[in-house]
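Working notes for the structure below.
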Amino acid sequence: MKEIKVGVFGVNRGYVFSRHAQVTGLKLVALCDSYEKKLNEVCNDLKVPGYTDFDKFLEHDMDAVILSNYFHQKTPYAIKCLRAGKHVMAETIPCFTMGECVALVREVEKSKKIYMFAENYPYLNYNQEMRRLFKAGKVGKFIYGEGEYVHPIAPTSYNLMSPGENHWRNWIPATYYSSHSLAPIMYITETWPKKVNGFVSPHSVGLSDRAVRMTARRNDLGSMIVLRMDNGALVKLLQFSLRGHGIWTRIHGSAGQMENTRIGEWHYLRVRKEQYLQDKKEPKEHIYMPDFPVHNDLAWKHDGCDFFMGYHFAEAIQKNKQPFLNVYRAAAMSAVAIQAYRSVLADSSTMEIPDFTNESVRREYANDHWSPDPEKHTSKQPWPSIEGNVKPNKEGLAFARRLWKQKGRESYRVLGE
Ligand SMILES: NC(=O)c1ccc[n+]([C@@H]2O[C@H](COP(=O)([O-])OP(=O)(O)OC[C@H]3O[C@@H](n4cnc5c(N)ncnc54)[C@H](O)[C@@H]3O)[C@@H](O)[C@H]2O)c1
(Lines give C-alpha, C1' and ligand atoms only; values in the text may rest on other atoms or scores of the structure.)
Protein backbone atom coordinates (compact mmCIF):
# COMPACT_ATOMS: atom_id res chain seq x y z
CA MET A 1 0.00 0.00 0.00
CA LYS A 2 1.25 3.47 -0.88
CA GLU A 3 1.96 5.68 2.12
CA ILE A 4 -0.53 8.57 2.37
CA LYS A 5 1.14 11.72 3.62
CA VAL A 6 -1.33 13.96 5.42
CA GLY A 7 -1.24 17.46 6.91
CA VAL A 8 -3.71 18.78 9.49
CA PHE A 9 -5.00 22.38 9.49
CA GLY A 10 -6.09 23.52 12.98
CA VAL A 11 -4.49 21.79 15.94
CA ASN A 12 -7.28 21.92 18.49
CA ARG A 13 -9.85 19.35 17.32
CA GLY A 14 -7.23 18.59 14.66
CA TYR A 15 -4.99 17.07 17.34
CA VAL A 16 -7.41 14.13 17.60
CA PHE A 17 -6.92 13.32 13.88
CA SER A 18 -3.18 13.94 14.14
CA ARG A 19 -2.45 11.68 17.08
CA HIS A 20 -4.15 8.60 15.59
CA ALA A 21 -3.22 9.19 11.93
CA GLN A 22 -0.66 6.39 11.97
CA VAL A 23 -3.03 3.66 13.21
CA THR A 24 -5.64 4.56 10.60
CA GLY A 25 -3.27 4.23 7.64
CA LEU A 26 -2.20 7.86 7.25
CA LYS A 27 1.26 9.32 7.83
CA LEU A 28 1.15 12.70 9.55
CA VAL A 29 3.76 14.96 7.94
CA ALA A 30 2.83 18.56 8.82
CA LEU A 31 0.56 20.74 10.94
CA CYS A 32 -0.74 24.28 10.54
CA ASP A 33 -2.17 26.73 13.05
CA SER A 34 -1.73 30.46 13.60
CA TYR A 35 -1.77 29.91 17.38
CA GLU A 36 1.97 29.37 17.60
CA LYS A 37 2.28 28.24 21.20
CA LYS A 38 -0.24 25.42 20.80
CA LEU A 39 1.17 24.54 17.38
CA ASN A 40 4.67 24.14 18.85
CA GLU A 41 3.37 21.95 21.69
CA VAL A 42 1.57 19.62 19.28
CA CYS A 43 4.49 19.57 16.81
CA ASN A 44 6.90 18.65 19.63
CA ASP A 45 4.57 15.93 20.82
CA LEU A 46 4.03 14.40 17.37
CA LYS A 47 7.50 15.18 15.95
CA VAL A 48 6.35 16.90 12.75
CA PRO A 49 7.04 20.37 11.32
CA GLY A 50 4.49 23.17 11.85
CA TYR A 51 3.44 26.18 9.82
CA THR A 52 1.56 29.28 10.89
CA ASP A 53 0.81 30.24 7.29
CA PHE A 54 -1.67 28.07 5.35
CA ASP A 55 -0.17 28.70 1.89
CA LYS A 56 3.31 27.70 3.09
CA PHE A 57 1.80 24.61 4.73
CA LEU A 58 0.13 23.66 1.45
CA GLU A 59 3.53 23.65 -0.27
CA HIS A 60 4.68 20.85 2.06
CA ASP A 61 5.10 17.46 0.37
CA MET A 62 1.78 15.75 1.19
CA ASP A 63 -1.08 13.88 -0.52
CA ALA A 64 -3.99 14.95 1.65
CA VAL A 65 -5.17 17.64 4.06
CA ILE A 66 -7.53 17.40 7.02
CA LEU A 67 -9.39 20.67 7.65
CA SER A 68 -10.13 21.34 11.27
CA ASN A 69 -10.06 25.12 11.17
CA TYR A 70 -12.92 27.46 12.13
CA PHE A 71 -16.44 26.09 11.76
CA HIS A 72 -17.61 28.49 9.04
CA GLN A 73 -14.44 28.65 6.92
CA LYS A 74 -14.02 25.15 5.46
CA THR A 75 -14.99 25.57 1.78
CA PRO A 76 -12.43 28.19 0.65
CA TYR A 77 -9.63 26.08 2.17
CA ALA A 78 -11.05 22.85 0.73
CA ILE A 79 -11.07 24.42 -2.73
CA LYS A 80 -7.47 25.65 -2.33
CA CYS A 81 -6.37 22.13 -1.34
CA LEU A 82 -8.21 20.45 -4.23
CA ARG A 83 -6.67 22.93 -6.69
CA ALA A 84 -3.26 22.07 -5.23
CA GLY A 85 -3.96 18.40 -6.03
CA LYS A 86 -4.64 17.25 -2.44
CA HIS A 87 -7.33 14.91 -1.17
CA VAL A 88 -9.46 16.61 1.50
CA MET A 89 -11.25 15.56 4.65
CA ALA A 90 -13.15 18.39 6.36
CA GLU A 91 -14.80 18.81 9.74
CA THR A 92 -18.29 20.19 10.20
CA ILE A 93 -19.74 22.37 8.71
CA PRO A 94 -18.42 21.57 5.21
CA CYS A 95 -20.15 24.55 3.53
CA PHE A 96 -21.49 27.71 5.13
CA THR A 97 -23.67 28.96 2.24
CA MET A 98 -25.66 27.32 -0.54
CA GLY A 99 -23.26 28.92 -3.02
CA GLU A 100 -20.37 27.20 -1.24
CA CYS A 101 -22.18 23.84 -1.54
CA VAL A 102 -22.29 24.30 -5.32
CA ALA A 103 -18.69 25.52 -5.56
CA LEU A 104 -17.41 22.60 -3.50
CA VAL A 105 -19.22 19.82 -5.42
CA ARG A 106 -18.12 21.31 -8.74
CA GLU A 107 -14.51 21.53 -7.55
CA VAL A 108 -14.44 17.94 -6.26
CA GLU A 109 -15.85 16.68 -9.58
CA LYS A 110 -13.27 18.71 -11.52
CA SER A 111 -10.29 17.72 -9.38
CA LYS A 112 -11.13 13.99 -9.24
CA LYS A 113 -9.59 14.01 -5.76
CA ILE A 114 -11.14 12.25 -2.76
CA TYR A 115 -13.33 14.43 -0.56
CA MET A 116 -14.66 13.17 2.75
CA PHE A 117 -16.84 14.89 5.34
CA ALA A 118 -15.32 14.04 8.75
CA GLU A 119 -18.73 13.47 10.37
CA ASN A 120 -17.80 11.02 13.10
CA TYR A 121 -21.19 10.35 14.75
CA PRO A 122 -22.40 7.74 12.20
CA TYR A 123 -19.38 5.69 13.24
CA LEU A 124 -20.39 5.33 16.89
CA ASN A 125 -20.63 1.61 17.66
CA TYR A 126 -24.45 1.54 17.96
CA ASN A 127 -24.96 3.55 14.75
CA GLN A 128 -22.74 1.14 12.78
CA GLU A 129 -24.71 -1.74 14.28
CA MET A 130 -28.03 -0.10 13.36
CA ARG A 131 -26.79 0.24 9.78
CA ARG A 132 -25.91 -3.47 9.74
CA LEU A 133 -29.36 -4.44 11.08
CA PHE A 134 -31.16 -2.06 8.73
CA LYS A 135 -29.31 -3.39 5.68
CA ALA A 136 -30.14 -6.94 6.76
CA GLY A 137 -33.84 -5.96 6.72
CA LYS A 138 -34.29 -6.50 10.48
CA VAL A 139 -36.57 -3.48 11.01
CA GLY A 140 -38.11 -3.28 7.53
CA LYS A 141 -38.62 -0.02 5.63
CA PHE A 142 -37.60 3.32 7.14
CA ILE A 143 -40.63 5.25 8.39
CA TYR A 144 -39.51 7.69 11.11
CA GLY A 145 -36.21 8.71 12.72
CA GLU A 146 -34.90 10.98 15.44
CA GLY A 147 -31.38 12.27 15.98
CA GLU A 148 -30.18 14.25 18.97
CA TYR A 149 -26.98 16.10 19.70
CA VAL A 150 -27.64 17.93 22.94
CA HIS A 151 -24.43 19.25 24.40
CA PRO A 152 -24.59 21.71 27.28
CA ILE A 153 -21.14 22.97 28.31
CA ALA A 154 -20.11 24.57 31.62
CA PRO A 155 -19.64 28.34 31.18
CA THR A 156 -15.92 28.46 32.03
CA SER A 157 -15.15 25.78 29.43
CA TYR A 158 -17.52 27.37 26.92
CA ASN A 159 -15.82 30.75 27.20
CA LEU A 160 -12.35 29.26 26.93
CA MET A 161 -13.36 27.24 23.87
CA SER A 162 -14.76 30.42 22.31
CA PRO A 163 -11.99 32.99 22.67
CA GLY A 164 -13.37 36.34 21.52
CA GLU A 165 -16.84 37.79 20.98
CA ASN A 166 -16.72 36.84 17.30
CA HIS A 167 -15.55 33.27 17.81
CA TRP A 168 -18.01 31.07 15.88
CA ARG A 169 -19.24 29.26 19.02
CA ASN A 170 -20.60 32.61 20.26
CA TRP A 171 -22.80 33.26 17.25
CA ILE A 172 -23.54 30.32 14.89
CA PRO A 173 -27.31 29.87 14.43
CA ALA A 174 -28.83 27.02 16.42
CA THR A 175 -29.63 24.98 13.30
CA TYR A 176 -26.02 24.97 12.03
CA TYR A 177 -24.61 22.27 14.32
CA SER A 178 -27.04 19.64 13.06
CA SER A 179 -24.83 17.16 11.19
CA HIS A 180 -24.16 15.14 14.36
CA SER A 181 -27.89 14.39 14.65
CA LEU A 182 -28.59 13.95 10.92
CA ALA A 183 -25.56 12.02 9.64
CA PRO A 184 -26.30 8.80 11.60
CA ILE A 185 -29.80 8.65 10.11
CA MET A 186 -28.51 9.17 6.56
CA TYR A 187 -25.83 6.54 7.20
CA ILE A 188 -28.14 3.90 8.65
CA THR A 189 -30.98 4.29 6.14
CA GLU A 190 -29.15 5.71 3.09
CA THR A 191 -32.00 8.20 2.61
CA TRP A 192 -31.53 11.86 1.63
CA PRO A 193 -33.26 14.97 3.03
CA LYS A 194 -35.58 16.68 0.51
CA LYS A 195 -37.59 19.23 2.54
CA VAL A 196 -36.92 21.01 5.82
CA ASN A 197 -38.75 23.01 8.47
CA GLY A 198 -36.78 24.67 11.28
CA PHE A 199 -37.70 25.90 14.76
CA VAL A 200 -35.51 27.47 17.47
CA SER A 201 -35.58 28.21 21.21
CA PRO A 202 -34.78 31.91 21.06
CA HIS A 203 -31.80 33.56 22.74
CA SER A 204 -33.91 35.40 25.35
CA VAL A 205 -35.52 32.11 26.44
CA GLY A 206 -32.06 30.50 26.64
CA LEU A 207 -30.95 33.22 29.05
CA SER A 208 -33.13 31.64 31.74
CA ASP A 209 -30.25 29.10 32.01
CA ARG A 210 -27.52 30.71 34.17
CA ALA A 211 -24.84 28.73 32.32
CA VAL A 212 -25.86 30.52 29.11
CA ARG A 213 -26.01 33.90 30.85
CA MET A 214 -22.39 33.40 31.94
CA THR A 215 -21.17 33.32 28.31
CA ALA A 216 -20.77 35.90 25.54
CA ARG A 217 -23.19 34.03 23.27
CA ARG A 218 -25.62 35.89 21.07
CA ASN A 219 -27.19 32.97 19.22
CA ASP A 220 -30.32 30.96 19.95
CA LEU A 221 -30.15 28.12 22.45
CA GLY A 222 -31.29 25.10 20.50
CA SER A 223 -33.18 24.00 17.42
CA MET A 224 -35.61 21.40 16.25
CA ILE A 225 -35.51 20.47 12.58
CA VAL A 226 -38.15 18.43 10.76
CA LEU A 227 -37.17 16.70 7.53
CA ARG A 228 -38.97 14.83 4.78
CA MET A 229 -36.60 12.24 3.33
CA ASP A 230 -36.52 11.05 -0.29
CA ASN A 231 -38.38 7.82 0.58
CA GLY A 232 -41.15 9.77 2.35
CA ALA A 233 -39.86 9.07 5.88
CA LEU A 234 -40.14 11.78 8.54
CA VAL A 235 -37.14 12.79 10.67
CA LYS A 236 -36.85 15.01 13.75
CA LEU A 237 -33.50 16.46 14.81
CA LEU A 238 -32.76 18.20 18.11
CA GLN A 239 -29.48 19.99 18.74
CA PHE A 240 -27.22 22.31 20.58
CA SER A 241 -26.98 23.62 24.11
CA LEU A 242 -30.12 22.54 25.97
CA ARG A 243 -29.66 21.03 29.43
CA GLY A 244 -29.52 17.22 29.60
CA HIS A 245 -26.54 15.94 27.61
CA GLY A 246 -27.61 13.31 25.09
CA ILE A 247 -26.33 11.79 21.86
CA TRP A 248 -29.09 9.65 20.48
CA THR A 249 -30.40 7.96 17.33
CA ARG A 250 -33.81 6.34 16.95
CA ILE A 251 -35.07 4.47 13.88
CA HIS A 252 -38.65 3.24 13.41
CA GLY A 253 -39.08 0.74 10.61
CA SER A 254 -42.08 -1.10 9.21
CA ALA A 255 -41.01 -4.26 11.12
CA GLY A 256 -39.29 -2.98 14.26
CA GLN A 257 -37.58 -0.15 16.06
CA MET A 258 -34.07 0.50 17.33
CA GLU A 259 -32.24 3.17 19.32
CA ASN A 260 -29.23 3.59 21.57
CA THR A 261 -30.17 3.53 25.22
CA ARG A 262 -31.08 6.74 27.03
CA ILE A 263 -30.61 5.44 30.55
CA GLY A 264 -27.14 4.63 31.89
CA GLU A 265 -24.52 3.55 29.34
CA TRP A 266 -25.50 5.21 26.04
CA HIS A 267 -23.34 2.95 23.82
CA TYR A 268 -25.89 0.14 24.27
CA LEU A 269 -28.44 -0.61 21.59
CA ARG A 270 -32.10 -1.46 22.19
CA VAL A 271 -33.89 -3.37 19.42
CA ARG A 272 -37.63 -3.77 19.77
CA LYS A 273 -39.61 -6.23 17.63
CA GLU A 274 -43.30 -6.73 18.20
CA GLN A 275 -44.03 -10.44 18.04
CA TYR A 276 -47.20 -10.40 15.99
CA LEU A 277 -47.01 -11.49 12.34
CA GLN A 278 -43.63 -13.15 12.86
CA ASP A 279 -42.34 -16.53 13.91
CA LYS A 280 -41.21 -15.43 17.44
CA LYS A 281 -37.65 -16.58 16.87
CA GLU A 282 -36.30 -13.19 17.88
CA PRO A 283 -36.65 -11.63 21.33
CA LYS A 284 -39.25 -8.90 21.72
CA GLU A 285 -36.65 -6.66 23.23
CA HIS A 286 -32.90 -7.03 22.98
CA ILE A 287 -30.46 -4.68 24.73
CA TYR A 288 -26.76 -5.19 24.13
CA MET A 289 -23.44 -3.44 23.63
CA PRO A 290 -22.46 -3.84 19.98
CA ASP A 291 -18.84 -4.10 18.88
CA PHE A 292 -17.50 -1.98 16.06
CA PRO A 293 -17.83 -4.05 12.86
CA VAL A 294 -14.07 -3.95 12.15
CA HIS A 295 -10.97 -3.18 14.23
CA ASN A 296 -13.01 -3.21 17.44
CA ASP A 297 -10.10 -3.14 19.92
CA LEU A 298 -8.11 -0.62 17.93
CA ALA A 299 -11.11 1.69 17.56
CA TRP A 300 -11.99 1.66 21.29
CA LYS A 301 -8.33 2.43 22.03
CA HIS A 302 -8.12 5.27 19.50
CA ASP A 303 -11.04 7.64 20.08
CA GLY A 304 -13.89 5.29 19.06
CA CYS A 305 -15.87 6.81 16.20
CA ASP A 306 -13.01 9.23 15.42
CA PHE A 307 -10.80 6.27 14.50
CA PHE A 308 -13.08 5.57 11.53
CA MET A 309 -12.57 9.05 10.05
CA GLY A 310 -8.88 8.48 9.26
CA TYR A 311 -9.57 4.82 8.46
CA HIS A 312 -12.24 5.51 5.79
CA PHE A 313 -10.36 8.51 4.39
CA ALA A 314 -7.23 6.37 3.93
CA GLU A 315 -9.30 3.53 2.44
CA ALA A 316 -11.00 5.90 -0.05
CA ILE A 317 -7.63 7.28 -1.19
CA GLN A 318 -6.09 3.79 -1.49
CA LYS A 319 -9.04 2.49 -3.53
CA ASN A 320 -9.54 5.78 -5.40
CA LYS A 321 -13.27 5.57 -4.60
CA GLN A 322 -15.25 8.37 -2.95
CA PRO A 323 -16.27 7.47 0.65
CA PHE A 324 -19.84 7.15 1.94
CA LEU A 325 -19.55 10.64 3.46
CA ASN A 326 -18.87 12.10 0.01
CA VAL A 327 -19.20 15.68 -1.14
CA TYR A 328 -22.89 15.30 -2.08
CA ARG A 329 -23.79 14.16 1.44
CA ALA A 330 -21.57 16.93 2.84
CA ALA A 331 -23.46 19.49 0.74
CA ALA A 332 -26.87 18.03 1.64
CA MET A 333 -26.12 18.18 5.38
CA SER A 334 -24.79 21.72 5.04
CA ALA A 335 -27.96 22.66 3.14
CA VAL A 336 -30.14 21.27 5.95
CA ALA A 337 -28.40 23.57 8.45
CA ILE A 338 -28.70 26.62 6.16
CA GLN A 339 -32.21 26.02 4.81
CA ALA A 340 -33.52 25.17 8.30
CA TYR A 341 -32.41 28.62 9.46
CA ARG A 342 -34.08 30.19 6.42
CA SER A 343 -37.21 28.30 7.42
CA VAL A 344 -36.93 29.55 11.04
CA LEU A 345 -36.81 33.14 9.77
CA ALA A 346 -39.82 32.50 7.51
CA ASP A 347 -42.07 31.33 10.36
CA SER A 348 -40.96 27.71 9.91
CA SER A 349 -42.23 27.38 6.35
CA THR A 350 -40.93 24.53 4.18
CA MET A 351 -37.62 24.89 2.30
CA GLU A 352 -36.10 22.62 -0.33
CA ILE A 353 -32.87 20.66 -0.06
CA PRO A 354 -31.54 20.62 -3.62
CA ASP A 355 -30.04 17.64 -5.37
CA PHE A 356 -26.40 18.69 -5.66
CA THR A 357 -25.64 15.91 -8.13
CA ASN A 358 -27.71 17.77 -10.75
CA GLU A 359 -25.92 20.70 -12.46
CA SER A 360 -29.14 22.38 -13.64
CA VAL A 361 -30.38 22.42 -10.00
CA ARG A 362 -26.95 23.59 -8.81
CA ARG A 363 -27.07 26.62 -11.12
CA GLU A 364 -30.06 28.00 -9.16
CA TYR A 365 -27.97 28.14 -5.98
CA ALA A 366 -24.52 28.99 -7.31
CA ASN A 367 -24.88 32.70 -6.43
CA ASP A 368 -26.72 32.18 -3.17
CA HIS A 369 -24.37 33.75 -0.61
CA TRP A 370 -26.95 34.13 2.19
CA SER A 371 -24.88 34.00 5.38
CA PRO A 372 -25.45 34.75 9.09
CA ASP A 373 -21.76 35.57 9.67
CA PRO A 374 -22.03 38.80 11.75
CA GLU A 375 -18.64 40.00 10.51
CA LYS A 376 -20.02 40.09 6.95
CA HIS A 377 -23.45 41.47 7.86
CA THR A 378 -25.26 43.70 5.33
CA SER A 379 -28.92 44.76 5.13
CA LYS A 380 -29.53 41.69 2.89
CA GLN A 381 -27.98 39.17 5.29
CA PRO A 382 -29.59 37.59 8.37
CA TRP A 383 -28.39 37.98 11.94
CA PRO A 384 -27.44 34.68 13.65
CA SER A 385 -30.36 34.86 16.13
CA ILE A 386 -34.05 34.86 15.35
CA GLU A 387 -34.18 37.88 17.70
CA GLY A 388 -31.93 39.93 15.39
CA ASN A 389 -28.79 41.79 16.36
CA VAL A 390 -28.59 40.40 19.90
CA LYS A 391 -25.85 41.75 22.17
CA PRO A 392 -24.14 39.38 24.61
CA ASN A 393 -25.56 39.84 28.10
CA LYS A 394 -23.43 42.07 30.33
CA GLU A 395 -22.76 39.52 33.08
CA GLY A 396 -21.65 36.85 30.59
CA LEU A 397 -19.48 39.16 28.55
CA ALA A 398 -17.72 40.50 31.66
CA PHE A 399 -17.08 36.94 32.91
CA ALA A 400 -15.82 35.80 29.48
CA ARG A 401 -13.56 38.83 29.10
CA ARG A 402 -12.05 38.21 32.54
CA LEU A 403 -11.25 34.62 31.54
CA TRP A 404 -9.88 35.60 28.13
CA LYS A 405 -7.66 38.22 29.80
CA GLN A 406 -6.45 35.89 32.58
CA LYS A 407 -5.85 32.85 30.43
CA GLY A 408 -5.92 34.08 26.85
CA ARG A 409 -5.68 31.05 24.62
CA GLU A 410 -3.29 29.43 27.10
CA SER A 411 -5.98 27.14 28.43
CA TYR A 412 -7.42 26.31 25.04
CA ARG A 413 -8.05 22.59 25.44
CA VAL A 414 -8.45 19.76 22.99
CA LEU A 415 -12.07 18.75 22.79
CA GLY A 416 -12.89 15.16 23.48
CA GLU A 417 -10.26 14.83 26.24
N1 LIG B 1 -16.71 16.08 15.25
C2 LIG B 1 -16.52 16.46 16.49
O3 LIG B 1 -16.80 15.73 17.43
C4 LIG B 1 -15.95 17.84 16.74
C5 LIG B 1 -15.53 18.24 18.02
C6 LIG B 1 -14.99 19.50 18.17
C7 LIG B 1 -14.87 20.37 17.10
N8 LIG B 1 -15.28 19.95 15.87
C9 LIG B 1 -15.11 20.83 14.69
O10 LIG B 1 -13.72 21.05 14.50
C11 LIG B 1 -13.50 22.36 13.95
C12 LIG B 1 -12.52 23.09 14.83
O13 LIG B 1 -13.07 23.31 16.10
P14 LIG B 1 -12.18 23.48 17.42
O15 LIG B 1 -12.96 22.96 18.54
O16 LIG B 1 -10.87 22.90 17.15
O17 LIG B 1 -12.08 25.05 17.69
P18 LIG B 1 -11.63 26.27 16.80
O19 LIG B 1 -12.49 26.40 15.64
O20 LIG B 1 -11.58 27.42 17.70
O21 LIG B 1 -10.14 25.91 16.34
C22 LIG B 1 -9.70 26.13 15.04
C23 LIG B 1 -8.19 26.23 15.02
O24 LIG B 1 -7.81 26.58 13.68
C25 LIG B 1 -6.86 27.63 13.70
N26 LIG B 1 -7.06 28.46 12.50
C27 LIG B 1 -8.24 28.91 12.01
N28 LIG B 1 -8.03 29.64 10.89
C29 LIG B 1 -6.69 29.65 10.67
C30 LIG B 1 -5.86 30.23 9.67
N31 LIG B 1 -6.36 30.94 8.66
N32 LIG B 1 -4.53 30.00 9.74
C33 LIG B 1 -3.99 29.28 10.74
N34 LIG B 1 -4.73 28.71 11.74
C35 LIG B 1 -6.07 28.89 11.70
C36 LIG B 1 -7.16 28.42 14.97
O37 LIG B 1 -6.01 29.11 15.45
C38 LIG B 1 -7.63 27.33 15.94
O39 LIG B 1 -6.58 26.83 16.72
C40 LIG B 1 -14.86 23.02 13.87
O41 LIG B 1 -15.33 22.86 12.57
C42 LIG B 1 -15.73 22.21 14.83
O43 LIG B 1 -17.07 22.21 14.45
C44 LIG B 1 -15.81 18.71 15.68
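What the table shows:
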| item | result |
| --- | --- |
| Members of the range 353-369 that are touching a helix residue (DSSP H, G or I) at 6+ places or on another chain (Cβ under 7 Å) and hydrophobic (A, V, I, L, M, F, W, C) | ILE353, PHE356, ALA366 |
| Enumerated helices (runs of 4 or more DSSP H) restricted to the range 299-417, each holding at least 2 residues that are within 25 Å of the chain's Cα centre (by Cα) | 307-319, 327-345, 359-365 |
| Hits in the range 80-125 - residues which are more than 17 Å from the chain's Cα centre (by Cα), away from the ligand (no atom under 16 Å from the Cβ) and assigned to a helix (DSSP H, G or I) | LEU82, ARG83, GLY99, VAL102, ALA103, VAL105, ARG106, GLU107, VAL108, GLU109, LYS110, SER111 |
| Selection from the range 198-220 of residues that are within 24 Å of ILE353 (Cα to Cα) and of a type in the set (A, V, I, L, M, F, W, C) | PHE199, VAL200 |
| Whichever residue in the range 129-154 is closer than 14 Å to LEU182 by Cα and within 16 Å of the ligand (Cβ to nearest atom) and, among such residues, is surrounded by the most Cβ atoms within 10 Å (Cβ to Cβ) | GLY147 |
| Lone unmet requirement of (1) within 14 Å of the ligand (Cβ to nearest atom); (2) free of Cβ contacts under 8 Å to residues at least 60 places away in the same chain for ARG13 | (2) |
| Enumeration of residues in the range 63-79 that are without any contact (Cβ under 8 Å) to a residue 60 or more places away in the chain, within 11 Å of the ligand (Cβ to nearest atom) and in a helix (DSSP H, G or I) | LYS74, PRO76 |
| Filter result (in contact (Cβ under 8 Å) with a residue 60 or more places away in the chain and closer than 22 Å to MET186 by Cβ) within the range 267-285 | HIS267, LEU269, VAL271 |
| Any chance ASP45 is part of a helix (DSSP H, G or I) and either of a type in the set (Val, Ile, Thr) or more than 17 Å from HIS312 (Cα to Cα) (or both) | yes |
| Options SER181, SER157; residue that is surrounded by fewer than 18 Cβ atoms within 10 Å (Cβ to Cβ) and either at pLDDT 95 or above or not in a strand (DSSP E or B) (or both) | SER157 |
| Evaluation of PHE17 against (1) over 18 Å from PHE313 (Cβ atoms); (2) among the aromatic types (Phe, Trp, Tyr); (3) within 21 Å of the chain's Cα centre (by Cα) (one fails), failing number | (1) |
| Top-ranked residue in the range 1-59 [being over 21 Å from LYS113 (Cα atoms), of a type in the set (Phe, Trp, Tyr) and modelled with pLDDT under 95; ranked as surrounded by the most Cβ atoms within 10 Å (Cβ to Cβ)] | TYR15 |
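The values are calculated or read from the model by the stated rules, or taken from the named source; none is laboratory data. Model, not experiment: these values are computed from the prediction. Here Cβ is always computed from backbone atoms with ideal geometry, including for glycine, and neighbour counts include all displayed protein chains.
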